[in-house]
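Participant: Can you read through this structure? Questions will come right after.
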């Protein structure tokens, strides 16, 4: 509830600007000024203040601001609610039928991924459900796919240390190596992983939906390593994309 007469104008401007970053991938100074109906100088000062606090970042191009690590870490993904899970469920059911493998829906929680929901394969040798699991994003195919859509400056801020925690011998070991992987993945519409999060499990992920960093969602098929060669995973990726095409209209925003 608003309290007329008690609004702190500069704070209100900053909060309204943060709300814009929850809806868009990047914002210029002139765009911020127009959206907030303030002078360019005011928009620039507010953006600079938010940048100092890690809420927004200015990439090396210096043209458009993006969400910063602090905002990405605290913002709740829009798709973490029961309505969103029901929305994606038919895709998961179709994907497990097409691929014959266990499939999950995945979103980013800052520098980690959250497995929202899943459907388990009925094969005798299969990967079990991982719904509710949280893992470092860099150690999963879905996480790397979602990270690859971020500006490199944001990746650097999300992972400030060069050395990365290894979950298995296959986990990427350094931020430099991760950045190289993400640059390659950004040119594709899928991402692979080979025993990077858990031993004996390979995986492939494709983007399912989303127009901004806060509402992107991926679907990931997890496969026993013995039948998860690159060729087999790429074939599964094509089947996942066929399932993703069946996604209906999103639930209304809350």
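The values are calculated or read from the model by the stated rules, or taken from the named source; none is laboratory data. The structure displayed is predicted, hence computed values, not measured ones. Glycine gets a Cβ as well: all are built from the backbone with ideal geometry, and neighbour counts include every protein chain shown.
Participant: Which one of the conditions (1) out of contact with any strand residue (DSSP E or B) (no Cβ under 9 Å at 6 or more places or on another chain); (2) closer than 21 Å to residue 245 by Cα; (3) assigned to a loop (DSSP other than H, G, I, E, B) does residue 38 fail to meet, given that it meets all the rest?
Facilitator: (2)
Participant: Of these, 48, 26, 41, 30, which one is in contact (Cβ under 8 Å) with a residue 24 or more places away in the chain and more than 21 Å from residue 137 (Cα to Cα)?
Facilitator: 26
Participant: Turning to a different aspect of this structure: Could you tell me whether any residue of segment 144-151 is more than 28 Å from residue 53 (Cα to Cα), touching a strand residue (DSSP E or B) at 6+ places or on another chain (Cβ under 8 Å), buried (at least 18 other Cβ atoms within 10 Å of the Cβ) and modelled with pLDDT of 95 or more?
Facilitator: No, segment 144-151 has no match at all.
Let's see how each residue does on (1) out of contact with any helix residue (DSSP H, G or I) (no Cβ under 6 Å at 6 or more places or on another chain); (2) crowded, with 21+ Cβ neighbours inside 10 Å:
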residue	(1), (2)
171	no, no
175	yes, no
190	no, no
211	yes, no
217	yes, yes
221	no, yes
226	yes, no
230	yes, no
235	yes, no
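Participant: Still on this structure: Grab the helices (runs of 4 or more DSSP H) fully contained in segment 144-254, keeping just those with 1 or more residues being free of Cβ contacts under 8 Å to residues at least 12 places away in the same chain, under 17 Å from the mean Cα position of the chain (by Cα) and assigned by TED's automatic domain parsing to the domain that holds residue 98.
Facilitator: In segment 144-254, 175-185 are the helices (runs of 4 or more DSSP H) which contain 1 or more residues that are free of Cβ contacts under 8 Å to residues at least 12 places away in the same chain, under 17 Å from the mean Cα position of the chain (by Cα) and assigned by TED's automatic domain parsing to the domain that holds residue 98.
Participant: Follow-up. Condition check: surrounded by fewer than 20 Cβ atoms within 10 Å (Cβ to Cβ), over 20 Å from residue 227 (Cα atoms) and in contact with a helix residue (DSSP H, G or I) (Cβ under 7 Å, 6 or more places away or on another chain). Does residue 111 satisfy that?
Facilitator: Judged against the criteria, residue 111 is a match.
Participant: Further question: Exactly one condition in (1) under 21 Å from residue 57 (Cα atoms); (2) at pLDDT below 95 is false for residue 187; which is it?
Facilitator: (1)
Participant: Which of the residues spanning segment 75-127 are assigned to a helix (DSSP H, G or I) and free of Cβ contacts under 8 Å to residues at least 24 places away in the same chain?
Facilitator: 82, 97, listed by residue number.
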